[in-house]
Amino acid sequence: MYDALFYIGIGIVGIFAGRFFKKFAAQQQAKMEEKKREKENS
């Protein structure tokens, strides 16, 4: 019984972590793009 709840919990946490990581990765990518543009412009 507890095993099932444990795996369901991990699944839910994994989904949230995945969403958060995607947002974070997208933000990091945008920052990198900005830095590249600044270097090219200056």
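No value in this document is a laboratory result; all are computed from the given coordinates. None of the values given here were measured: they were computed from a predicted structure. With ideal geometry, Cβ positions are generated from the backbone for all residues, glycine too; neighbour counts draw on all protein chains shown.
So here's what we get for this one:
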{"quantity": "Potential extension, residue 34-residue 13 segment - 0.36 nm per residue separation minus Cα distance", "calculated": "4.4 nm"}
{"quantity": "Potential extension, residue 2-residue 42 segment - 0.36 nm per residue separation minus Cα distance", "calculated": "8.5 nm"}
{"quantity": "For q = 0.16, 0.22, 0.32 Å⁻¹, Debye-computed log10 I/I(0) when each Cα of the chain counts as one equal scatterer", "calculated": "-0.56, -0.72, -0.94"}
{"quantity": "Magnitude of the charge dipole, the chain, Cβ model with Lys/Arg +1 and Asp/Glu -1, debye to 20", "calculated": "200 debye"}
